[in-house]
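Below is one structure, written out as structure tokens, with a few remarks after it.
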Amino acid sequence: MKSKLVTIGIAGGTGSGKTVLARAIASRLDPQDVAIIQHDSYYRDRSDLSPSERKKINYDHPDALETNLLIQHIKDLIAGNAVTIPNYDFSTHCRSDKWIQVNPGRAIILEGLLILANAELRELLDLKIFIDVSSDIRFIRRLQRDTIERNRTSGSLIKQYLSTVRPMHVKYVEPSKQYADIFISDAQNNMTIEAIVSLIKERAREVEYRN
């Protein structure tokens, strides 16, 4: 018997509001039935490299993420099995020893820059959402977030944005929006959020019916 779990993917450029939307959707569903998984949790552990070597890595390229592990975890959850996901530290670019257990419920919300850029991952998603926000707004949001939450300097962020973030967005993130089922421009619009939640509940009923 197939799982009754519904999988929702939220993609978009850096600073588009993916986490905000994921949390807003989850808050309108039964907290015992929904879990949020971030693609960012699956950045590869770089503890084998020196701090200076870690800084040279292009963290905006798909190869920086262990997406195969994420795919396996999503498959396990769909099959009704609990998984333990990595706990990534952005300040050190290393994984913590304390991984996080996620139990299968009725819905999994997966969010990340590149989740629609991977064909195998797309196939696991029942609903694919892309947040389309202008680049200047996204850059300002990233600058504010990373200086406060990730202890980064504005100079290093600007350099990274120009050297890797923007080029990788153009190459991988922007083209992936063609695979989305829904496009939105404001992750905090209540009417949009309610419409998405209604659609998720409808998909959940369809999945339950199929089983």
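The values are calculated or read from the model by the stated rules, or taken from the named source; none is laboratory data. As the structure is a computational prediction, the values presented were derived from the model and not from experiment. So basically every Cβ, Gly included, is an ideal-geometry build from the backbone, and we count neighbours across all protein chains shown.
For the list (1) in a loop (DSSP other than H, G, I, E, B); (2) farther than 19 Å from residue 204 by Cα; (3) of a type in the set (A, V, I, L, M, F, W, C), I need the number of the one condition that residue 29 fails.
(2)
One line per residue, one yes/no per condition, for (1) hydrophobic (A, V, I, L, M, F, W, C); (2) touching a residue at least 60 places away in the same chain (Cβ under 8 Å); (3) surrounded by fewer than 20 Cβ atoms within 10 Å (Cβ to Cβ):
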{"residue": "89", "(1), (2), (3)": "no, no, yes"}
{"residue": "93", "(1), (2), (3)": "no, no, no"}
{"residue": "99", "(1), (2), (3)": "yes, no, yes"}
{"residue": "102", "(1), (2), (3)": "yes, yes, yes"}
{"residue": "105", "(1), (2), (3)": "no, yes, yes"}
{"residue": "113", "(1), (2), (3)": "yes, yes, no"}
{"residue": "123", "(1), (2), (3)": "no, no, yes"}
{"residue": "129", "(1), (2), (3)": "yes, yes, no"}
{"residue": "136", "(1), (2), (3)": "no, no, yes"}
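Could you check, for segment 154-174, whether at least one of its residues is basic (Lys, Arg), within 21 Å of residue 70 (Cα to Cα), out of contact with any helix residue (DSSP H, G or I) (no Cβ under 6 Å at 6 or more places or on another chain) and surrounded by 15 or more Cβ atoms within 10 Å (Cβ to Cβ)?
There is no residue in segment 154-174 that is basic (Lys, Arg), within 21 Å of residue 70 (Cα to Cα), out of contact with any helix residue (DSSP H, G or I) (no Cβ under 6 Å at 6 or more places or on another chain) and surrounded by 15 or more Cβ atoms within 10 Å (Cβ to Cβ).
Here's the yes/no breakdown for (1) more than 17 Å from residue 18 (Cα to Cα); (2) not small (Gly, Ala, Ser):
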residue: 63; (1), (2): yes, yes
residue: 96; (1), (2): yes, no
residue: 133; (1), (2): no, yes
residue: 150; (1), (2): yes, yes
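Residue by residue, here is whether (1) part of a loop (DSSP other than H, G, I, E, B); (2) free of Cβ contacts under 8 Å to residues at least 60 places away in the same chain; (3) under 25 Å from residue 14 (Cβ atoms) holds:
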{"residue": "60", "(1), (2), (3)": "yes, no, yes"}
{"residue": "70", "(1), (2), (3)": "no, yes, yes"}
{"residue": "81", "(1), (2), (3)": "yes, yes, no"}
{"residue": "110", "(1), (2), (3)": "no, no, yes"}
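When residues of segment 47-65 are filtered for being within 27 Å of residue 108 (Cβ to Cβ) and either surrounded by 18 or more Cβ atoms within 10 Å (Cβ to Cβ) or β-branched (Val, Ile, Thr) (or both), how many remain?
Matching residues across segment 47-65 total 4.
Select from segment 175-195 the residues that are part of a helix (DSSP H, G or I) and in contact with a helix residue (DSSP H, G or I) (Cβ under 6 Å, 6 or more places away or on another chain) and list them in ascending order.
Passing the criteria: 179, 193.
Name the residue, out of 75, 128, that is modelled with pLDDT of 95 or more and assigned to a strand (DSSP E or B). Spell out how you get there, then give the answer.
Details: 75 fails: assigned to a strand (DSSP E or B).
Exactly one residue qualifies, and that residue is 128.
Scanning segment 32-58 for residues that are part of a loop (DSSP other than H, G, I, E, B) and closer than 19 Å to residue 5 by Cβ, which turns out modelled with the lowest pLDDT? Write out each step before concluding.
First, the residues of segment 32-58 that are part of a loop (DSSP other than H, G, I, E, B): 32-33, 44-50, 55-58.
Restricting the remaining residues to those that are closer than 19 Å to residue 5 by Cβ gives 32-33.
Numbers: 32: 80, 33: 85.
Filtering first and then ranking leaves 32.
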